[in-house]
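Remarks on the structure that follows.
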Amino acid sequence: KMMCGLLKPTHGKAIVDGLDLQKAPSEGRAQIGYMAQKFSLYGNLSVRQNLEFFSGIYNMKGKERRDIIGQMVDIFNFSPYLDVNAEMLPLGFKQRLALSCSVMHHPQVLFLDEPTSGVDPITRREFWNHINGLVNKSVTVVVTTHFMDEAEYCDRIALVYRGRIIKMDTPDALKAAS
C-alpha cells in the first residue's frame, strides 16, 4: 500500500516513474495501477458500468473514453458480459475486469496482489499472457504470489519475511542457491 501511495512510508522514499510519492502523490499515483487480491470492483454495477466508472476516475472523456472501453472489451472478451453485474461473473471474468480497470489508464507501474488466486489453470495462463503483454509494452509489473511456478515467470523474485526482503535474484539464481 505504501508503494501505491495509499499509506505514508514510515521511513525511506517511494519513487514511481521518477516521482516522489510524498512530494507529488497525485502525479505519482496517476502512474500506478493496482489490482487487489480480492475482487474490489462494484458488484452491483454491470461490466460496462464498471468500465465507465473507472474510465471516469481516470478523467477520460469523449472519444478517448469510448476507445479505451472498446479496447478493454476486445482485449478481455467482455462482449457477452457487458450487461451482467460484476458480482454475477465467473471468478476468471471478475479478475479480468479488475485487471482491465487497473490498466485502462496505461500506468507505468502495475501492482498485482495474488492476481490468480482461486482461478483455474487455463485462466491463470491467460492472465500471465496479459501480464507479459504489459511487460512487452514497458510496464513494470510487481506481482505478489504464493505460487512458485508463477514466480518463475518473473525477471526477478524477492523473498519477503516480516516486511523485509531477505533474498532477491533471478529465478534461476535463486534455484541454484537452494
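Picking from residues in the stretch 15-37 that are modelled with pLDDT under 80, touching a helix residue (DSSP H, G or I) at 6+ places or on another chain (Cβ under 8 Å) and buried (at least 21 other Cβ atoms within 10 Å of the Cβ), the one that is farthest from Q95 (Cα to Cα) is L21. Among the residues of the stretch 120-129, some residue qualifies, meaning at least one is within 20 Å of N50 (Cα to Cα) and either of a type in the set (A, V, I, L, M) or surrounded by 12 or more Cβ atoms within 10 Å (Cβ to Cβ) (or both).
Please report, ordered by residue number, the strands (runs of 3 or more DSSP E) entirely within the stretch 108-166 with at least 2 residues that are under 14 Å from the mean Cα position of the chain (by Cα) and within 19 Å of A98 (Cβ to Cβ).
On the way: elements: 109-113, 140-144, 157-161.
So the answer is 109-113, 140-144.
Against the test of being open to solvent by 50 Å² or more (accessible area, probe 1.4 Å) and more than 15 Å from M35 (Cα to Cα), the options I165, I157 yield a single qualifying residue, I165. Across the stretch 87-98, not a single residue is classified as aromatic (F, W, Y) and assigned to a strand (DSSP E or B). Residues in the stretch 38-51 that are in a helix (DSSP H, G or I) and either open to solvent by 70 Å² or more (accessible area, probe 1.4 Å) or within 14 Å of V103 (Cα to Cα) (or both): R48, Q49, N50, L51. Scanning the stretch 109-149 for residues that are closer than 14 Å to F93 by Cα and basic (K, R) yields R124, R125. So which residues in the stretch 63-85 are modelled with pLDDT of 95 or more and either small (G, A, S) or at positive phi (or both)? Within the stretch 63-85, G70, S79 qualify. The set of residues in the stretch 52-107 that are of a type in the set (D, E) and either closer than 25 Å to D17 by Cβ or open to solvent by less than 40 Å² (accessible area, probe 1.4 Å) (or both) comprises E64, D67. For the stretch 146-167, the condition of being closer than 28 Å to V73 by Cα and either touching a residue at least 24 places away in the same chain (Cβ under 8 Å) or among the aromatic types (F, W, Y) (or both) holds for at least one residue.
The values are calculated or read from the model by the stated rules, or taken from the named source; none is laboratory data. This is a predicted model, so every value here is computed, not measured. Using ideal geometry, Cβ is built from the backbone for each residue, glycine included, and neighbour counts are taken over all protein chains shown. Surface accessibility is based on the protein's heavy atoms, side chains included, excluding ligands, DNA and RNA. Shrake-Rupley method; radii C 1.70, N 1.55, O 1.52, S 1.80 Å.
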